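Okay, structure first, notes after.
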Amino acid sequence: MIVAKKKINSPADPLPVLFKHTSFFEDVWEVVKQIPKGKVTSYGAIAKYLGAKSSARMVGWAMNAVNNSNIKDIPAHRVVNRNGMLSGKAHFSPPEKMEKLLKKEKIKVKDDCIENFQAVFWDPSEDLGL
DNA sequence: CCTTTGACTCACT
DNA sequence: CAGTGAGCCAAAG
């Protein structure tokens, strides 16, 4: 469990205010980190796995936090919306990076959408046990 | 401190 | 079947 405004990874991370005492972000990250290579999941699935306490929007916030900080251990590119659309691509360093990384993992992406989304979809509730 | 917004989703019209 | 509204919770203005 990572705690609050403490350094997440690098000593020189510009990690802003972000988390105070909420471990929500960590939970999201942990789940995201568990996503098998070549698979993807949705914000809603993660939120649901976390108990649906928070809405999927918070998951997106967590991803935003990842981009904001120097955290690179989180494969945020494997997280898309429930339609399999790369809704968050715009928030990547180069927006194309998300799609690029996905394709690199043999995930078929077309027009910012994962074609075989259902096939590569990974449900945390299923693998992590629920 | 109150208002607005956001990488979402579901339900209703 | 597509458009709209509401719920969601935290962060930024």
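Hey, among A:Lys33, A:Lys37, which residue is assigned to a loop (DSSP other than H, G, I, E, B) and surrounded by fewer than 22 Cβ atoms within 10 Å (Cβ to Cβ)? That would be A:Lys37, the only listed residue that is assigned to a loop (DSSP other than H, G, I, E, B) and surrounded by fewer than 22 Cβ atoms within 10 Å (Cβ to Cβ).
For A:Asn81, the conditions (1) over 20 Å from A:Ile114 (Cβ atoms); (2) modelled with pLDDT of 90 or more; (3) touching a helix residue (DSSP H, G or I) at 6+ places or on another chain (Cβ under 9 Å) all hold with the exception of (1). Taking region A:104-122 as the range and being of a type in the set (D, E, K, R) and within 19 Å of A:Gly88 (Cβ to Cβ) as the test, the residues that pass are A:Lys104, A:Glu105, A:Lys108, A:Lys110, A:Asp111, A:Asp112, A:Glu115.
The values are calculated or read from the model by the stated rules, or taken from the named source; none is laboratory data. These numbers come from a predicted model, not from an experiment. Heads up, the Cβs are rebuilt from the backbone with ideal geometry, glycines too, and the neighbour counts pull from every protein chain shown.
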